[in-house]
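Each remark here refers to the structure printed beneath this line.
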Amino acid sequence: MQSYFVAIASYVGLYLLMTIVRNTIGFKARWPLTLPFIVIFGGLAGLRDITVGADTRLYVEIFDHIGHQQAMGWSTIMTSKYPLYDLWNIGLFQLAPVGQTIIMANALVIALIMQRAILTYSSLIFLPSLLLVSLYFYFYSLNISRQFIAIGLLFLATSYLLKNQPKKFWPLYLAAILIHSTAIIGGLAYVVYRINWTRKRLGLALLVVVAGKLSLAQLVSWFTTLFPRYGIYNVSGEISTTGIETISTQSNGGTLLMNLFYLVFVGVGWRLLPRLTPVAHAKLRYLTILMTLAVTAGLLFAQNVLVTRLLMYFTINMVVYLPLVLTTGLTVLARPRFKPIVTIPMANLGLFLVTLVPMTIQLSKNIAEVLPYRFWP
């Protein structure tokens, strides 16, 4: 666990140093501020041993298998469930046919995509990057790397929706599906973008989520028919009504508590919207609606590992949504009493420190099997 806290401290120090250097030389572009995360956390993930992350060994085995089966030709790739990921593995195998290659490459591409999304999405880089770690997304990426590449691509695709560049959404969405087929659910982010939301329409959408809870067994049956690989979560006898392994058996209900934490910010988001002009609240409105649906589903399906994994395609947006709500709230509501230039950095620090608590608890339970951390020998 100590390795991860050292990484956080190193990131803070390197980010501050990069900020000072950037300001000193008068360099206006923001992209250098993404380098500390890529170097520290991309490097930490890429240099990890095969034992760090529950599925890391499996990814190495898949890499080795795909690399040695490449002679089978294009027909194999075209019939693959993840053709783009197959091509990624084949190309890397040609460069260096050792298992650490795929660990390092996946780690760096996840870090790069996440930083690019934050850069496009938000005026802030530092706090959203820290929240990637403290909200435990980073640690899940050490386990489900292939899905996290797809999650990152959809995260980036959504950032372009908020810049009113929907044409850039589709190539990224397609790439995500070709890497991890479950990414097809990410199309709901575009649906939310296109709908002119009213209270009635939001209410109907929430009813659909509730109906999904009531029809969970049938929905899971359909889903595992389309994606048989996820049948591993259908543990007979775990739950009498659905047979699905629960998150409570893995993290003692931590998912429920995190969604309650998110719900507080969603509530504040709704309170802020009437106080903003339509132009100013476009991003906040979109994310508040998307997070309302995601958090409602998260609360209803908190004990379902399968649904929780799928919701990561949307809850990843929390790393930019929480700072957006906090910054907007302090700017709009607290201006008569406090100076935003002082209160906002302090509030950001407070938010990060608060999120360190559940992160530490999850690490202590070794969720995603990221302990003990070992470097590649």
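Descriptive notes on the structure:
- Loop chymotrypsin sites (Phe, Trp or Tyr not before Pro), region 1-103 (other Cβ atoms within 10 Å of the site Cβ: 15 or fewer; DSSP): Phe27
- Loop trypsin sites (Lys or Arg not before Pro), region 1-102, which have at most 13 other Cβ atoms in a 10 Å radius of their Cβ (DSSP): Lys28, Arg30, Lys81
- Under 28 Å of direct C-alpha separation, and excluding same-chain neighbours fewer than eight residues apart, Lys168 reaches these lysines: Lys28, Lys81, Lys283.
- Recomputing semi-axes √(5λ) of the Cα gyration tensor in Å from the coordinates shown identifies the correct label among (i) 38, 22, 20; (ii) 47, 28, 19; (iii) 32, 27, 21 as (iii).
- When the Cα convex hull of region 88-149 is projected onto planes of every orientation, the mean area is 4.6 nm².
- For Arg48, the residues whose amide H sits under 5 Å from its own are Trp376, ignoring neighbours fewer than 5 places away on the same chain, with H placed 1.01 Å from N.
- Of the trypsin sites (Lys or Arg not before Pro) in region 285-363, those whose Cβ has at most 12 other Cβ within 10 Å and which sit in DSSP loop: Arg337
- Around the Cα centre of the chain, unit charges on the Cβ atoms of Lys, Arg, Asp and Glu (plus for the first two, minus for the last two) sum to a dipole of about 1720 debye.
- Adding -39500 (n - 2.57) for every DSSP H run of four residues or longer, then dividing by how many residues the chain holds, sets the calculated 222 nm ellipticity at -21500 deg cm²/dmol.
- Prolate/oblate/rounded label for region 263-377 (Cα gyration tensor, a/c 1.5): oblate
- Kyte-Doolittle mean at least 1.0, axial Cα span of 30 Å or more - DSSP H helices of the chain: 2-25, 99-121, 340-364
- Anisotropy class of region 1-134 from Cα gyration tensor, a/c 1.5 cut: prolate
- Over the chain, relative contact order from alpha-carbon pairs under 8 Å, at least 6 apart, %: 22
- Dipole of the chain, positive end: most advanced residue of Leu300, Ser145, Leu263 [Cβ charges, Cα centre]: Leu263
The numbers here are math on the coordinates, done by the rules we state, and not lab data. Every value quoted in this text rests on a predicted model; they were computed, and no experiment measured them. Don't worry about glycine lacking a Cβ; one is built from the backbone with ideal geometry, like all the others, and counts go over all protein chains shown.
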